[in-house]
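Structure, as structure tokens:
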Amino acid sequence: MAEASHDSLDEVLERLDALSEDRGLTRDDVLDLGELSAATGLGTREIRTLLRGGRVRERKVGEIAPRRVNFLYERRLRESGRRPADIVGEVAAGLGVTGVWARSLLHGEKCPNVPHLAALADYFGVPLTFFTDSPRDALTRELRPVVGRLESDPVRGEPDPLTALVGEHGTRAIAARGGGRALTRAQREAIARFVADFVADSEPGR
């Protein structure tokens, strides 16, 4: 299982580097270690090690979950400026436990059960896998959207296929969004080819 995770992270990093290079960018340009840390529950040192292809300590879920709960609690305290008692009280009410038990969970002293993890995920606004993913899986999970955004951006110096099509045929506008999500470059190229073929087939004598 660990080997599968290793391969997955390696593949994502390889794709990330290739896309970045095509666009004249580096990892430092596209990755924010602070954001990755907040999204994964990993320290920036762990993230740097994984990005270099190194290994970090693998823990069992029973160790990972309490650490990640405490990570979120400490971050919430820093970012909100609220009193610990306020957050403990909200968590206790949400989980249906005593304040003492909620405090132990938030301090990473107790391992939450699955229902409590689900409630904590809702409270902190994170996926349930935040509490269970290994370091490699957590980083892979957060790097995939970065790769997706790069794939949606045109390569520098290379004209957008739909823009070129509009210029060639004098079309006033071609919708480049669908379902509320930006199309990837591959999708835009496919649309451009389809429209170009359609225009060619519609020409007199064809």
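The values are calculated or read from the model by the stated rules, or taken from the named source; none is laboratory data. In this text the structure is predicted, and so the values were computed from the model without any measurement. Glycine also receives a Cβ, built like all others from the backbone with ideal geometry; neighbour counts cover every protein chain displayed.
Quick test for you: out of LEU128, LEU117, LEU105, LEU95, pick the one residue that is touching a helix residue (DSSP H, G or I) at 6+ places or on another chain (Cβ under 7 Å), farther than 11 Å from ALA65 by Cα, among the aliphatic types (A, V, I, L, M) and surrounded by 12 or more Cβ atoms within 10 Å (Cβ to Cβ).
LEU95
Where in the range 1-87 are the helices (runs of 4 or more DSSP H), entirely inside, with at least 1 residues that are touching a helix residue (DSSP H, G or I) at 6+ places or on another chain (Cβ under 9 Å), more than 20 Å from THR132 (Cα to Cα) and not assigned by TED's automatic domain parsing to the domain that holds HIS116?
In the range 1-87, 2-22, 27-30, 33-40, 44-51 are the helices (runs of 4 or more DSSP H) which contain 1 or more residues that are touching a helix residue (DSSP H, G or I) at 6+ places or on another chain (Cβ under 9 Å), more than 20 Å from THR132 (Cα to Cα) and not assigned by TED's automatic domain parsing to the domain that holds HIS116.
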### Query
Quick one: is ARG48 within 30 Å of LEU16 (Cα to Cα), at pLDDT 95 or above, under 21 Å from the mean Cα position of the chain (by Cα) and buried (at least 18 other Cβ atoms within 10 Å of the Cβ)?
no
#### Entry: Number of the exception - LEU143 against (1) in contact with a strand residue (DSSP E or B) (Cβ under 9 Å, 6 or more places away or on another chain); (2) at pLDDT 75 or above
(1)
#### Entry: Test: residue in the range 120-130 that is without any contact (Cβ under 8 Å) to a residue 12 or more places away in the chain and in contact with a Pro (Cβ under 7 Å, 6 or more places away or on another chain)
yes
#### Entry: Check on LEU77, in contact with a Lys or Arg (Cβ under 8 Å, 6 or more places away or on another chain) and surrounded by 14 or more Cβ atoms within 10 Å (Cβ to Cβ)
no
### Query
How many residues does the range 26-45 contain that are in contact (Cβ under 8 Å) with a residue 40 or more places away in the chain and either over 16 Å from the mean Cα position of the chain (by Cα) or under 22 Å from VAL114 (Cα atoms) (or both)?
4
